[in-house]
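Everything below concerns the one structure shown next.
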């Protein structure tokens, strides 16, 4: 059990090649963790807008290893990407913001 005490994931990886939105990314960002995602259009848009993670070619294990290495060795980048994602969750996907957008949509 002691061997696992110091284990604390420093990023979230998500490799779906057919993701439509990516709630997993929001969950990771809410915990201030950067993400690694497959470079497909919907995932690319979410990660790039938030500036909250790294994109890799789907199925490219060399890129995956490189991305994991970057996030585990570059603590400053890890923190910056995680914080960017966290701010995106609070500013874009908060309950108040979603309800405001929904109300605006319904009134138009």
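The values are calculated or read from the model by the stated rules, or taken from the named source; none is laboratory data. For clarity, every value in this text was computed on a predicted model and none was experimentally measured. No Cβ is skipped: glycine too gets one built from the backbone with ideal geometry, and neighbour counts run over all protein chains shown.
Observations, loosely collected:
- From 77, 54, residue being modelled with pLDDT of 95 or more, touching a helix residue (DSSP H, G or I) at 6+ places or on another chain (Cβ under 8 Å) and surrounded by fewer than 20 Cβ atoms within 10 Å (Cβ to Cβ): 77
- Some residue of the range 26-44 being under 16 Å from residue 86 (Cβ atoms), at pLDDT below 90, in contact with a strand residue (DSSP E or B) (Cβ under 6 Å, 6 or more places away or on another chain) and in a helix (DSSP H, G or I): no
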